[in-house]
1. Sequence-distant or interchain residues sharing an amide H contact under 5 Å with Y30, placed H: which?
2. So what's the net charge close to A51: Lys and Arg +1, Asp and Glu -1, counting the other residues with Cβ under 10 Å from its Cβ?
3. Kirkwood hydrodynamic radius (Cα pairs, Å) of the chain?
4. With θ set to phi - 60° and the Karplus curve 6.51 cos²θ - 1.76 cosθ + 1.60, what are the ³J(HN,Hα) couplings of the stretch 47-56 in order, to the nearest whole Hz, using x for Gly and Pro?
5. Show the residues, 5+ positions off or on another chain, whose built amide H is closer than 5 Å to the amide H of F67.
6. Quick one: pull the percent of accessible area on the chain belonging to carbon and sulfur, 1.4 Å probe, ligands and nucleic acids left out.
7. For the stretch 2-78, what D do you get in µm² per second when you plug the Kirkwood radius from alpha-carbon pairs into Stokes-Einstein at 37 °C and 0.692 mPa s?
8. Give a residue-ordered list of calculated ³J(HN,Hα) values for the stretch 78-89 (Karplus: 6.51 cos²θ - 1.76 cosθ + 1.60, θ = phi - 60°; whole Hz; x for Gly, Pro).
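The values are calculated or read from the model by the stated rules, or taken from the named source; none is laboratory data. The model shown is predicted, which means the values in this text are computed figures rather than measured ones. When we count neighbours, we look across all protein chains shown, and the Cβ atoms used for this are built from the backbone with ideal geometry, even at glycine. For the accessible areas, the whole protein counts, side chains as well, though only heavy atoms, and no ligand, DNA or RNA atoms are used. Shrake-Rupley method; radii C 1.70, N 1.55, O 1.52, S 1.80 Å.
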Amino acid sequence: MSVDIKDRTIYQLSEVVTVSLAAAANTTLYTVPTGYTTVLCYADIIAGSDAGASTVTIGRSTALTDFLDTQTLSNLDADGDVVRLMPVPNATPVKQKSYAAGTIIQMAVTSAAGGATNYVALWGYNEVAGTI
């Protein structure tokens, strides 16, 4: 599969990834391509079954909470339900990170209480390294 880089637009960064909410583990969602810097916008989780009270975080593989700290999925309770995980802006702007080429972005299931087949789509944008 070749990398199709779209500059200056929010798009789905990689293929949809299957994530188990039945066991605490880390799952790689995306690796920033060579020559680019990535900014994450949000992640959609599509339930394959009830997520229970599972919790997840998202971030670089060496700092699994630097995009999103603990998110509780208790409202993801039926096959086909979708939740959007993202930093929530307010009066004080939410600080985010940009990710350099080669950075591995992962979702960590920190408390597993759901089914084994759920799907995650990670959204964001890429810029040529050094331009943002």
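1. I105
2. Details: positive: none; negative: D50, D77, D81.
Charge balance in the 10 Å sphere: -3.
3. Details: mean 1/r = 0.0666 Å⁻¹.
This gives a value of 15.0 Å.
4. Ordered by residue, 3J(HN,Hα) equals 6, x, 6, 4, 7, x, 10, 4, 10, 9 Hz.
5. Here I58, G59, R60 satisfy the definition.
6. Details: 3450 of 6660 Å².
Here it works out to 52 percent.
7. On the way: Rh = 14.2 Å.
Rounded to a whole number, D works out at 232 µm²/s.
8. 7, 3, x, 5, 10, 10, 10, 9, 6, x, 9, x
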